[in-house]
1. Two-decimal Rg/Rh of the range 1-131 from alpha-carbon positions, Kirkwood Rh?
2. Solvent-accessible area per residue for the range 51-132 at a 1.4 Å probe radius, Å²?
3. Once neighbouring chains are kept in place and the probe is 1.4 Å, which whole percent of the accessible area of the chain is contributed by carbon and sulfur?
4. Give me the dipole magnitude in Debye, nearest 20, for the range 41-163 about the Cα centre, with unit charges on the beta carbon: positive for Lys and Arg, negative for Asp and Glu.
5. Which length gain, in nm to one decimal place, applies between residue 168 and residue 271 when the Cα-Cα distance is subtracted from 0.36 nm times their residue separation?
6. Name the residue from 225, 165, 239 whose Cα lies farthest towards the positive end of the charge dipole of the chain, charges +1 on Cβ of Lys and Arg and -1 on Cβ of Asp and Glu.
7. Defining a contact as two alpha carbons under 8 Å apart and six or more residues distant in sequence, what relative contact order in percent does the chain show?
8. Which lysines does residue 246 reach when only Cα atoms under 21 Å apart count, and residues fewer than 8 places away in its own chain are ignored?
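The values are calculated or read from the model by the stated rules, or taken from the named source; none is laboratory data. Computed from a predicted model, the values in this text were never measured in an experiment. When we count neighbours, we look across all protein chains shown, and the Cβ atoms used for this are built from the backbone with ideal geometry, even at glycine. Side chains included, ligands, DNA and RNA excluded: accessible areas come from the protein's heavy atoms. Shrake-Rupley method; radii C 1.70, N 1.55, O 1.52, S 1.80 Å.
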Amino acid sequence: MSAVIVAALTMVIALYAAGSEPHRSDEGVGGPGLFVKWLLPLFHLVSTLATVGCAGALLAAVVLLRTDGGPLGLQGRRAIRDASNSAIIWAAATFVSAVLTAAILLNTPVDLLRLRLDDALAVPEVKALLITGILVVALAVGVRRVQTSAAALLGVLVAIGALVPPALTTFPRNESYVVLAGAALVLHVISATTWVGGLAGLVRYGRASRSGLPLVLERYSQVALASSIVVLVSGVISAVGRLAAKGGGYDAVFDVLTTKAYGGLLLAKTVAFVILIIGGWFHRRHAIGDLETSGHRFWQLVIGELIVMAVAIGLSIALAKTI
């Protein structure tokens, strides 16, 4: 719950700091209203957190608590139930986001959106959210009765597929740097979700068995190392492409980074990820020995990592809303 509050507060503060908070429409009455405009980033946050929860639970069942394709243990079955429940929240928040996105982009009140259904379904961002919602509903239903880690792997593939459509519509133009940024963003979203979700899964399921925790931690460390590298590389590529798009070319990247609100948020998010990388290295190198005794120091560092990850999530959503 603390991480949720931190992510929400970070998002709101970042939106105001960047001047990207929702405003009342200047086009007179008839639009969706300020309340609806605020609901969109809030539901985006709910969707993102549910995605992380689902990813963490699936990763726990498939990797962290892996039984080489055999029947899931008690914690594995618990993780599958959690994944299904998180997917339900993810799907619901995604469908609501699709409605809110259509209302805002078409400047139409939500209750009148039914009169412009064809227009709404033609909006690329809305179509992407609907595709994601349908995939996640299938995920929630499909994994509910999964009994083996091999079968749960199919759920992981569906979850990865569900992350792709919204990422592809983030950069709608066709300049070379925008296409590059969009492709890198897909990898960035998938790897970041894996990294953050894996840590959440470690906290929720790894603490249940102290004797099995070293093995779970070793598996997560491998996932975290690979994910952090992909997050870093893809994040740099995506950021350069997005900055180039905002400045009109690669020669304007530095100016946008140092003078625009988007650049400031991007730098703040980068600092958060650097802290995470350093913190992950530190606690795996110096605090793992604490597991043999009480483990308090190790878990304090892990909770600290989750809080920083929550800050990064809040900044990511604010970045998506900053123009």
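1. On the way: Rg = 18.5 Å, Rh = 16.8 Å.
With Rg and the Kirkwood Rh in hand, the quotient comes to 1.10.
2. Per-residue accessible area for the range 51-132 comes out at 43 Å².
3. 68 percent
4. Dipole magnitude for the range 41-163 comes out near 420 debye.
5. Details: separation 103, 0.36 × 103 = 37.08 nm, distance 2.53 nm.
Net length gain for the segment: 34.5 nm.
6. Of the candidates, 225 comes out farthest on the positive side.
7. Taking the mean separation of contacting Cα pairs over the length of the chain, I get 25 percent.
8. Within reach: 260, 269, 321.
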